[in-house]
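*Asks:* Structure in structure tokens, see below.
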Ligand SMILES: [Zn+2]
């Protein structure tokens, strides 16, 4: 066991520590002692009801007991062992992720792979893991709206398949699996690509032939969104921005639509900001921490 983990286990409630992360953990304990994990989960579900998720998905509670008080929430895209270690080190007993920790059913949990080890580590350290995945993709104000916001798109609406779900408080919530909006000022295609590289910290955008007309209407789908390319064209988009697409899907759309693929991680990296906004608004006093662990498994060499 690492030294910091041993030290963390020795900490008692309210004990002041000298390092920065521990001070954060101390403050978490002081400020969020009345809020239970279930209340944070409910707040997230009110924003992005679980029935909005796709049928293949496993959003919702992944591990842990929800009646426990929150000592702090670590917000991230993926739950890896390093992220669980970060939660332990910062005194957070709740991790809120976009991608589910448990996506494929587990037949046993014996540390045989990275997912099993992360599950074991979370349970051993009394950390609850909650994932808000395609329900957050499909929600109003969710992942795709956040991406659109980072691009400065205005008048954003859903395109593609519309969703409707009943939230836990009984209200009907509308959703959809893509978002389309307009740039405040039409842009040349090369400037648009440059803007994406800078806004999403992208090393290399994968694009089809540069569009010779200006780009104004932009369709967005974070992650693996190529299934929405046809809908984006039908919706009148000049550009389609997503996280990943297959080689053959780029063919045949020259001068029809500007395809811009910015990377799965890069497209969804700001999802933790949505979690923070929801928790700060709905559960004031609960301290939130955006993960410092980069979980993008892809290197650009
Ligand atoms: Zn994703």
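*Asks:* Going by what's in this entry, would residue 283 be described as in the same structural domain as residue 98 (by TED's automatic domain parsing), more than 16 Å from the ligand (Cβ to nearest atom) and either more than 26 Å from residue 86 (Cα to Cα) or surrounded by 14 or more Cβ atoms within 10 Å (Cβ to Cβ) (or both)?
*Replies:* yes
A quick yes/no check of all residues on (1) more than 12 Å from the chain's Cα centre (by Cα); (2) away from the ligand (no atom under 16 Å from the Cβ):
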site: 103; (1), (2): yes, no
site: 107; (1), (2): yes, yes
site: 114; (1), (2): yes, yes
site: 118; (1), (2): yes, yes
site: 127; (1), (2): yes, yes
site: 144; (1), (2): no, no
site: 147; (1), (2): no, no
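*Asks:* Let me ask another. Here are some conditions: (1) free of Cβ contacts under 8 Å to residues at least 60 places away in the same chain; (2) more than 16 Å from the chain's Cα centre (by Cα); (3) away from the ligand (no atom under 16 Å from the Cβ). Residue 277 meets all but one. Which one does it not meet?
*Replies:* (2)
*Asks:* Hey, another quick one. Within segment 71-91, how many residues are over 15 Å from residue 275 (Cα atoms) and crowded, with 21+ Cβ neighbours inside 10 Å? Quick ask: steps written out before the conclusion?
*Replies:* Applying the first criterion (over 15 Å from residue 275 (Cα atoms)) to segment 71-91 yields 71, 80-91.
Restricting the remaining residues to those that are crowded, with 21+ Cβ neighbours inside 10 Å gives 71, 80, 83-84, 87-88, 90-91.
Final tally of qualifying residues: 8.
*Asks:* What about residue 211, is it more than 19 Å from the chain's Cα centre (by Cα) and over 19 Å from residue 137 (Cα atoms)?
*Replies:* Taking the combined requirement at face value, the residue satisfies it.
*Asks:* Looking at the structure I just gave you, is residue 72 more than 15 Å from the chain's Cα centre (by Cα), over 20 Å from residue 271 (Cα atoms) and in the same structural domain as residue 128 (by TED's automatic domain parsing)?
*Replies:* When the stated conditions are applied, residue 72 does not pass them.
*Asks:* Moving on. Please verify whether residue 277 is closer than 30 Å to residue 36 by Cβ and modelled with pLDDT of 95 or more, treating the condition exactly as stated.
*Replies:* Judged against the criteria, residue 277 is a match.
*Asks:* Quick check on segment 170-201: of everything there that is in contact with a helix residue (DSSP H, G or I) (Cβ under 6 Å, 6 or more places away or on another chain) and touching a residue at least 40 places away in the same chain (Cβ under 8 Å), which residue is surrounded by the fewest Cβ atoms within 10 Å (Cβ to Cβ)? Let's see the steps before the verdict.
*Replies:* Filtering segment 170-201 down to residues in contact with a helix residue (DSSP H, G or I) (Cβ under 6 Å, 6 or more places away or on another chain) leaves 175, 178-179, 181, 199-200.
Add one more test, that the residue is touching a residue at least 40 places away in the same chain (Cβ under 8 Å), and what stays is 175, 178-179, 199-200.
On the way: 175: 23, 178: 27, 179: 27, 199: 15, 200: 21.
Here the residue is 199.
The values are calculated or read from the model by the stated rules, or taken from the named source; none is laboratory data. These numbers come from a predicted model, not from an experiment. Because the Cβ atoms are built from the backbone with ideal geometry, glycine has one as well, and the counts that use them run over all protein chains shown.
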